[in-house]
Protein chains: 2
Amino acid sequence: MNGFERPSAAAVAAVTRELADALGDRCSANETVRRQHAHTLTWGENQPPDCVVVPRDAREVVRVVQLCAARRVPVIPYGTGTSLEGHVNAPFGGVCVDTSLMNRLVAVHAEDLDCVVEPGVTRKALNEQLRDTGLFFPIDPGADASLGGMVSTRASGTNAVRYGTMKDNVLALEVVTASGEIVRTGRRAKKSSAGYDLARLFVGAEGTLGIVTQITLRLHGVPEAISAGVCPFPTVRAACDATIATIQSGLPVARIELLDALQVKAANLYSKLGLPETPLLLVEFHGTDAGVREQAGRFGEIAADFSGGPFEWATKPEDRARLWQARHDSYWAAVGLRPGAKAVATDICVPISRLADCVGETQRDIAATGLVAPIVGHVGDGNFHVSILVDMDDAAEVARTEKFLERLVARGLAMEGTCTGEHGIGQLKRKYMASEHSPATLAAMRAIKQALDPLGVMNPGKIL
Amino acid sequence: MNGFERPSAAAVAAVTRELADALGDRCSANETVRRQHAHTLTWGENQPPDCVVVPRDAREVVRVVQLCAARRVPVIPYGTGTSLEGHVNAPFGGVCVDTSLMNRLVAVHAEDLDCVVEPGVTRKALNEQLRDTGLFFPIDPGADASLGGMVSTRASGTNAVRYGTMKDNVLALEVVTASGEIVRTGRRAKKSSAGYDLARLFVGAEGTLGIVTQITLRLHGVPEAISAGVCPFPTVRAACDATIATIQSGLPVARIELLDALQVKAANLYSKLGLPETPLLLVEFHGTDAGVREQAGRFGEIAADFSGGPFEWATKPEDRARLWQARHDSYWAAVGLRPGAKAVATDICVPISRLADCVGETQRDIAATGLVAPIVGHVGDGNFHVSILVDMDDAAEVARTEKFLERLVARGLAMEGTCTGEHGIGQLKRKYMASEHSPATLAAMRAIKQALDPLGVMNPGKIL
């Protein structure tokens, strides 16, 4: 928030003392702990909070927020620290609220296809606990992120093309707002027209409007049949064009992921896959046995129309799991391509018809700029990632990378896309907000921030 | 908004004069026109605005809002007047903004499965204009409502079980806010994490935060194969239980609608259908030829498990159209059951597991209260409607109906449902907001209203 000022050392010391009184050893001002709770991924600066608290429940979160608000000390929510745009940094200092102890699966309503979780539950832990219910939660960012963090960044992942993003899979939220009150928004009914959709407002607000303390999530039935496969293409453009045709044909593909040749090479090295090092689509179909067969057949035909193939199946669950694990490890695989380099992971999203153009122009830009930067993407949504491996000691390369990122965003926006499909704004993409949104739109966002957090203590320096 | 005061006669006269200067004969203070633009359906009072304007574009809407705001005169947006909870009434007088001339299909991006429309386009007009594209817009409230109105009530309808509601099918909005500024929120990318989700905030805000002047909608491919059918059940409970089992099994039914025996009788009378007068499910499947056959077979098995059947197909498009037209005409069919009575149409929505209980208890309540009140429902979403036919000259019956409605909402809320799944709050359900939402939640909604409309001129007396 513009105009927010770092609290005085006395205010911080007083809050830290009060929090230690309230939470005992679940409040720490240890230097290492503090640095671990600030931004650690990609190239942003590490800006540690003044202390880290680990509340056990919403009541304790209320207490923390009240103490901080009383002295205008920032409150920064923290899940697993896997966000990529500096969301968990503390540029004005303040108190990091680590939600890792709020990790209970509160209820599973299998008959209603929903569940209630605390924010510290991670996506893998949730699916582990759902294993016997025949249900699963599909949203899967690369990291094993916490669901609170996934709510806050409006996360998506590989299944979003079929199951939607966090926006579509949150039924209700409990949020502690800056006033220290608990706001519950939404109920367990599948839809409602009863007033403003506050749940959707908190989804993607990156902790700037409050701290999520409970989440009611939609679940989905584990499909009767799943089939996944790999399809090589001669060029990235051919793979993108096949993706566009697949989506436009209405084929209900569950996942359709692009890896460019460099990312395949990285995955082969990191995950020992032995895949052909050309652009690939990883696809998956969910349905009945017959339905999955039919979908796969149609996809094979579309791929062939764009010179793709052969389309090879991973029929065994363990092969499938290995394939998708490799996809989820693409960030770490990319890091392995250039030891010692920092990986700058970015994402943009464009209308699907512009995908091939956008990826193609970006690849040419990468080559012209002389960067090592594999591309992977949730291409069914028009969303793709570039992981740029930067030698942080080479100032000229850092500068070139910064200019490249600016061109990437400008390219996406010029194609009616967005500067981030799923990573969020955090600190590092704030500079693009004025390009993506009009002054009136930004003014409306600021007015809402001011209305719900008049002191500006909730995660200041993010989004706006 | 609490505390809003009716503007002085002088202020209203001045605004009316200024609007007439600006819009010529597209500004009317004619008594009949005014009354036609206030609440006309169900039993709410007709509270006409002071004048009605018919702007041609967003620029004119900005002018109208600026003139009204300057004199603190209310602005009430109007689509087709088919909302059911008094959304278009003018309890404080003011200016009705009729969007019927803003009825252009601005763009169709078939390759991206989206289109851009003005708010006065109706859902049928849109689908008519999309006919040659192979795409359609699925959201279908009973009336041929305007898309601006559908955005504003967060409408859904029979296809929502498969395609979602307006919340899920709006990509971006252009909204004129109380300050007379144009806010654009969202772009054409299928997803974004770039800041607050203002689009979802305006969806369902019932014009209390601004007037929608342009809408970017997601479209869907017309399915290769559609099959629809009618399945009778011995009891409403059996039909609900079959619905629950269908949803829980993950069968991707496109529509699954309940009509109770009384509604079937009404439909037979109104639409000359000749259906068996028992509880019925109307179902529809979308997919490939093989997929649709498979889904229908599975549904038939589920129905039989609950003593339903025989499941009869309407294979011809004209039979299917007649069936769904009858479903959409259910409000008018209900009205026909008791000539001279007023139809009070209400809706609630509960978690699917509670559907059979909720409908069953409601039917017993209807019988015990001595009401004529057929039930229809988008039961796949746990959402159902009761149309109560009330003799408005019988004060005791009116009072009994009011008590019945209160019990219906209390029943839905006790089952973790909502007081409205799709009709919205308007004026008539405001009294339930405090039962559905906590004081902190309502305070957050009021803070947002205050932030975006500090003078309270946007559709006052609605929602909050």
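The values are calculated or read from the model by the stated rules, or taken from the named source; none is laboratory data. Everything quoted here is computed from the prediction, not taken from an experiment. Here Cβ is always computed from backbone atoms with ideal geometry, including for glycine, and neighbour counts include all displayed protein chains.
Is it true that some residue in the range B:307-329 is at pLDDT 95 or above, more than 14 Å from chain A (Cβ to nearest Cβ), surrounded by 20 or more Cβ atoms within 10 Å (Cβ to Cβ) and under 29 Å from A:Arg162 (Cα atoms)?
Step one: of the range B:307-329, the residues at pLDDT 95 or above are B:307-308.
Now narrow it down to the ones that are more than 14 Å from chain A (Cβ to nearest Cβ): B:307-308.
So of that shortlist, the ones also surrounded by 20 or more Cβ atoms within 10 Å (Cβ to Cβ) come out as B:308.
Subsequent filtering for residues that are under 29 Å from A:Arg162 (Cα atoms) retains none.
There is no residue in the range B:307-329 that is at pLDDT 95 or above, more than 14 Å from chain A (Cβ to nearest Cβ), surrounded by 20 or more Cβ atoms within 10 Å (Cβ to Cβ) and under 29 Å from A:Arg162 (Cα atoms).
Listed residues A:Gly157, A:Gly120, A:Gly142; which is of a type in the set (Gly, Ala, Ser), in contact with a Phe, Trp or Tyr (Cβ under 7 Å, 6 or more places away or on another chain) and touching a residue at least 40 places away in the same chain (Cβ under 8 Å)?
One residue alone meets the criteria, A:Gly142.
Residue by residue, here is whether (1) within 13 Å of another protein chain (Cβ to nearest Cβ); (2) crowded, with 19+ Cβ neighbours inside 10 Å; (3) part of a helix (DSSP H, G or I); (4) modelled with pLDDT of 95 or more holds:
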| site | (1), (2), (3), (4) |
| --- | --- |
| A:Glu406 | no, no, yes, yes |
| A:His423 | yes, yes, no, yes |
| A:Gln427 | no, yes, no, yes |
| A:Thr441 | yes, yes, yes, yes |
| A:Pro454 | yes, no, no, yes |
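Filter the range B:377-393 down to the residues that are farther than 18 Å from B:Val409 by Cβ and away from chain A (no Cβ under 14 Å), then identify the one that is farthest from the chain's Cα centre (by Cα).
B:Asp393
Give me a count of the residues in the range A:248-275 that are surrounded by fewer than 24 Cβ atoms within 10 Å (Cβ to Cβ) and assigned to a helix (DSSP H, G or I).
8
Determine whether B:Thr177 is within 24 Å of B:Met458 (Cα to Cα) and either assigned by TED's automatic domain parsing to the domain that holds B:Asp347 or touching a strand residue (DSSP E or B) at 6+ places or on another chain (Cβ under 7 Å) (or both).
Spelling it out, B:Thr177 is indeed within 24 Å of B:Met458 (Cα to Cα) and either assigned by TED's automatic domain parsing to the domain that holds B:Asp347 or touching a strand residue (DSSP E or B) at 6+ places or on another chain (Cβ under 7 Å) (or both).
Could you run through the range A:189-212 and say how many residues are closer than 13 Å to B:His437 by Cα and either facing chain B (nearest Cβ under 8 Å) or not in a helix (DSSP H, G or I) (or both)?
Filtering the range A:189-212 for residues closer than 13 Å to B:His437 by Cα gives A:192-199.
Still in the list and also either facing chain B (nearest Cβ under 8 Å) or not in a helix (DSSP H, G or I) (or both): A:192-198.
Going through the range A:189-212 one residue at a time, the tally reaches 7.
Out of curiosity, is A:Asp381 touching a Gly at 6+ places or on another chain (Cβ under 9 Å), crowded, with 24+ Cβ neighbours inside 10 Å and not assigned by TED's automatic domain parsing to the domain that holds A:Ala267?
yes
Looking at (1) within 12 Å of another protein chain (Cβ to nearest Cβ); (2) crowded, with 21+ Cβ neighbours inside 10 Å, can you tell me which one A:Val292 breaks?
If we test A:Val292 against (1) within 12 Å of another protein chain (Cβ to nearest Cβ); (2) crowded, with 21+ Cβ neighbours inside 10 Å, just (2) comes out false.
For the range B:205-243, which positions are under 30 Å from A:Thr158 (Cβ atoms) and not aliphatic (A, V, I, L, M)?
Of everything in the range B:205-243, those that are under 30 Å from A:Thr158 (Cβ atoms) and not aliphatic (A, V, I, L, M) turn out to be B:Thr216, B:Arg218, B:His220, B:Gly221, B:Pro223, B:Glu224.
What are the residues in the range A:399-415 that are closer than 21 Å to A:Arg430 by Cβ and in contact (Cβ under 8 Å) with a residue 40 or more places away in the chain, if any?
Passing the criteria: A:Thr401, A:Leu405, A:Arg407, A:Leu408, A:Val409, A:Arg411, A:Gly412.
To keep it simple, each residue is scored yes or no on (1) assigned to a loop (DSSP other than H, G, I, E, B); (2) over 26 Å from B:Val64 (Cβ atoms); (3) within 11 Å of chain A (Cβ to nearest Cβ).
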position	(1), (2), (3)
B:Asn127	no, yes, no
B:Leu130	no, yes, no
B:Ile139	yes, yes, no
B:Gly142	yes, yes, no
B:Ser152	no, no, yes
B:Ala172	no, no, yes
B:Val175	no, no, yes
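Which residues, taken from the range A:117-139, are more than 27 Å from A:Cys96 (Cβ to Cβ) and hydroxyl-bearing (Ser, Thr, Tyr)?
Passing the criteria: only A:Thr133.
Find the residue count for the range A:429-439, including only residues that are outside any helix (DSSP H, G or I) and surrounded by fewer than 22 Cβ atoms within 10 Å (Cβ to Cβ). Can you show your working first?
Keep residues of the range A:429-439 that are outside any helix (DSSP H, G or I), which gives A:429, A:437-438.
Narrowing further to those that are surrounded by fewer than 22 Cβ atoms within 10 Å (Cβ to Cβ): A:438.
Residues in the range A:429-439 being outside any helix (DSSP H, G or I) and surrounded by fewer than 22 Cβ atoms within 10 Å (Cβ to Cβ): 1 in total.
If B:Ser192 satisfies all but one of (1) assigned by TED's automatic domain parsing to the domain that holds B:Asn127; (2) in contact (Cβ under 8 Å) with a residue 12 or more places away in the chain, what's the number of the condition it fails?
Condition (2) is where B:Ser192 drops out.
If I ask for residues that are crowded, with 20+ Cβ neighbours inside 10 Å and part of a loop (DSSP other than H, G, I, E, B), which ones from the range A:226-247 would you list?
Of everything in the range A:226-247, just one residue is crowded, with 20+ Cβ neighbours inside 10 Å and part of a loop (DSSP other than H, G, I, E, B), namely A:Phe233.
Looking at B:Pro55, B:Pro48, B:Pro7, B:Pro77, which one is farther than 21 Å from B:Gly180 by Cβ and at pLDDT 95 or above?
Details: B:Pro55 fails: farther than 21 Å from B:Gly180 by Cβ; B:Pro7 fails: farther than 21 Å from B:Gly180 by Cβ; B:Pro77 fails: farther than 21 Å from B:Gly180 by Cβ.
The unique qualifying residue is B:Pro48.
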